[in-house]
Structures are given as structure tokens and as C-alpha cells.
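The values are calculated or read from the model by the stated rules, or taken from the named source; none is laboratory data. Keep in mind that what you see is a predicted model, and the values were worked out from it rather than measured. With ideal geometry, Cβ positions are generated from the backbone for all residues, glycine too; neighbour counts draw on all protein chains shown. Calculation scope for accessible area: heavy atoms of the full protein, side chains included, ligands and nucleic acids excluded. Shrake-Rupley method; radii C 1.70, N 1.55, O 1.52, S 1.80 Å.
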Amino acid sequence: AMYTAKERQSGVEVYDPAADGHDRGRLVLLSEFRRALAQGDLVVHFQPKVALATGAVTGVEALVRWAHPTRGLLGPGEFVPAVERTGLIEPLTDRVLDLALAQARAWAAQGLEVPVAVNLSARSVHRGDLPDRVLAALAGHGVPAGMLCLELTETALLTEPERARDVLTRLRAAGIRISIDDFGTGYSSMGRIRHLPVDEIKIDRSYVAALAECAEDAALVRSAIDLGHRLGLTVVAEGVEDDGTAASLQALGCDVGQGYLFGRPLPADELTRWLTGRRPAALPG
Ligand code: C2E
Ligand code: MG
Ligand code: MG
Ligand code: MG
């Protein structure tokens, strides 16, 4: 490995002369990313979460994009994994929180009450300063804690679970919702989930996609919904792409769906049009 555990933890980038082309590419990416943070080149798109029974919008998820000066709009898959291995993930999290909460505030000013969800990297969940940073961001934008949901993966909870639990407990005590993203892809046992301070699980789209065709996937989705409900959690299905899948999920009692069927991630102004076009009752005046 290129870094010692201590260097990884401190987020310090150490140049290794033996680094191959791949590592050099990564260093270029990270130095460009630093500039993107400074220049404000990160943007967020928003994807709706929809109540399956009523079609009501229950919130939107903020998904980061990088408006790269030469490579165009980059999705998170192209830079978040590299950034996550450095201390730069914390400024990324703070920036996305800032953008998402500013938008939530703008929507509220237009009479649209739209809770926003922000993704956390596994690493952020182990930082003791996370609750204070999140609460400062909420206060700075004048957004109530109940309007924010934080999504984190099971992996985040498996490493240093005590630390993660402490951070989540403090966030949740402040009124922030906690969601377990990509549920089913980690190794959470029923016993583990039971003791975690969470409000929602999001069933991974790899299980949702083939729900209608694959009996095993259907069984898994059904048991995730049952588990979630037994624990009093909201159950969300991600990657809902067609009516048949939405109907199956609704029949299984799943609460909320997210996916291209309902809406793709959109820039804020386009999502505002989508929201107001869909829910005229929420328009001001
Ligand atoms: P995620 O949080 O599970 O987000 C869902 C991903 O699935 C998004 O990809 C979304 O565009 C995509 N998606 C939504 N509906 C559908 C569908 O119906 N079909 C298909 N095929 N895909 C769908 P995206 O935006 O590329 O984000 C990928 C991942 O990057 C996210 O997965 C999340 O783990 C991570 N990510 C995104 N934004 C952030 C961020 O601000 N911070 C951190 N740490 N990670 C982020
Ligand atoms: Mg997510
Ligand atoms: Mg997900
Ligand atoms: Mg996913």
C-alpha cells in the first residue's frame, strides 16, 4: 500500500517515487479536485423520493457532480472513490451539505417543503466533529434539522461501529434523519441493524432491478421490507425504472421509491419545475 494507516487517517498525501501511472493519474485528479473546491466547480443534482402509495414527493437526494473545465460533467463514480481516500472528503461533504441546504432554504422560501438527503462517505461517519459541522450548516442556512436526512452505507457502520453509533446518535438526537444506503450489499445482520440509530433503509438497486424476474431477488426485497417495518423504519427502494417494479414494490408494502421511473437526478431549477408541475397545490399563493 502507498500509505501507512496513520497517513491515511491524517489525510496527508505522500508522493511515492515508485508510484505507477495510475497513482500519478490519481494525484493529478486530486490536485484538480482541490482547485474545483476552491473555484466552486462542484454542483449537486437532485433526485426525488416518491411515496409509492400516493405519488407524493417525500424528499430529494443530493448527488454530487463535478463541472470539470475540460472533461465535462463528471459523476461521483469518477472522483469520489479517490477523494474518499484523502482528507479532501471532508470539504466535499461540507460543500455538498452547503449546496443542498441552500437549495432546501430556497425551496422553503417558494413554499415548497422539500426534505433533502445528503450522502456521507464511510470515513465521515467516524469523525467526532461531524455532528457539529452538520448542525452549523443547518443553523447557517436556517434549515430545521428535520429537513435533513443523511445517507450512509452499511460498510460505514461495520468499521468502528461504536464510534459510528456515537456520531449517529448525536445527529439523530438533533432531529436529523439517518438512512442506510445500498441496503443488502453489506453484511448487516438483523441483530446489528436493530441497535443502530437509524430511521430508513434503502434497498440497493441491484435487488430492485430484477424484482419481477428473479425469485431470489424478490425474496430478498420482501424480507428487507419486513425487517425494516418490524424495526419501525421507512423502507425505500432505489433504482425503480418501470411501472411493473413500482407495482410489485407497492404490493410488498414498500413505502418509498426512487429511480428513473419517477425522475432522474436533475439540476435544482429543473427539479423545481418538476416539483411545481407535479404538485400545483404546493405552489405559493
Ligand atoms: P447512491 O447514493 O446509492 O445514489 C444512487 C445512484 O443511482 C445515483 O448515481 C443515481 O443517479 C443512480 N440512479 C438513480 N435512479 C436510478 C435508476 O432508476 N437506475 C439506475 N441505473 N441508476 C439510478 P450517481 O449520482 O452516479 O451516484 C453514485 C454514488 O455516488 C451514490 O450512490 C453515492 O454513493 C455516491 N455519491 C453521490 N453523491 C455523493 C456525495 O455528495 N458524497 C458522497 N460521499 N458520495 C456521493
Ligand atoms: Mg444515496
Ligand atoms: Mg443508494
Ligand atoms: Mg446505490
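The residues neighbouring residue 45, those whose beta-carbon lies less than 12 Å from its own, together hold a net charge of -1 under the Lys/Arg +1, Asp/Glu -1 convention. For the pair the stretch 82-127 and the stretch 238-261, the centres of their Cα atoms are 26 angstrom apart.
The loop-placed trypsin sites (Lys or Arg not before Pro) in the stretch 39-133, going by DSSP, that have at most 14 neighbouring Cβ atoms within 10 Å of their Cβ come out as 71.
Structural descriptor for the stretch 130-285: relative contact order 15 percent, calculated from alpha carbon pairs under 8 angstrom and at least 6 residues apart. Each part reduced to its alpha carbon centroid, the stretch 38-73 and the stretch 170-232 end up 22 Å apart. Looking at the stretch 207-285, the chymotrypsin sites (Phe, Trp or Tyr not before Pro) that sit in a DSSP loop and have at most 15 other Cβ atoms within 10 Å of their own Cβ are 260.
Are there GluC sites (Glu not before Pro) in the stretch 206-274 that DSSP marks as loop and that have at most 13 other Cβ atoms within 10 Å, and which are they? List each step's numbers first, then the result.
Details: sites: 213, 216, 238, 241, 270; in loops: 213, 238, 241.
Those satisfying the criteria are 213.
For every other residue with a beta carbon closer than 12 angstrom to the beta carbon of residue 160, add +1 if it is Lys or Arg and -1 if Asp or Glu, then tell me the sum. Each step should come with its number before you reach the end.
Numbers: positive: 123, 127, 163, 165; negative: 162, 166.
That sum, taken over residues with Cβ under 12 Å, equals +2.
Take every Cα pair under 8 Å whose residues are at least 6 apart in sequence, average their separation, divide by the length of the chain, and the relative contact order is 17 percent.
Equivalent ellipsoid of the stretch 140-285: semi-axes from √(5λ) of the C-alpha gyration tensor, largest first, are 26, 24, 12 Å. Global dimensions of the chain from alpha-carbon coordinates: Rg and Dmax equal 19.3, 64 Å.
Across the accessible surface of the chain, with the other protein chains kept in place and a 1.4 Å probe, carbon and sulfur atoms take up 53 percent.
Express the Stokes-Einstein translational diffusion coefficient of the stretch 87-176 in µm² s⁻¹, to the nearest whole number, given a Kirkwood radius over alpha-carbon pairs, 37 °C and a viscosity of 0.692 mPa s.
Working: Rh = 13.3 Å.
Using the Kirkwood radius from Cα pairs, D works out to 247 µm²/s.
Given a 1.4 Å probe, how much area per residue of the stretch 25-124 is accessible, in Å²? Write down the numbers at each step before the final one.
Values: 3810 Å² over 100 residues.
Heavy-atom SASA per residue in the stretch 25-124 reads 38 Å².
Each Cα pair under 8 Å and six or more residues apart adds its sequence gap; the mean of these over the residue count of the stretch 88-201 is a relative contact order of 25 percent.
Each Lys or Arg adds one and each Asp or Glu subtracts one; over the other residues with Cβ under 11 Å from the Cβ of residue 267, this totals +1. Per residue, the chain reaches -13000 deg cm²/dmol at 222 nm when only DSSP H runs of four or more residues are counted, each adding -39500 (n - 2.57).
Rg over Rh for the stretch 51-108 works out to 1.08, using Cα positions for both radii and the Kirkwood form for Rh. Accessible surface comparison of 98, 41, 243, probe 1.4 Å, protein chains only, largest first: the order is 243, 98, 41. Compared with the dominant Cα axis of the chain, that is its longest principal axis, helix 89-109 is turned about 40°.
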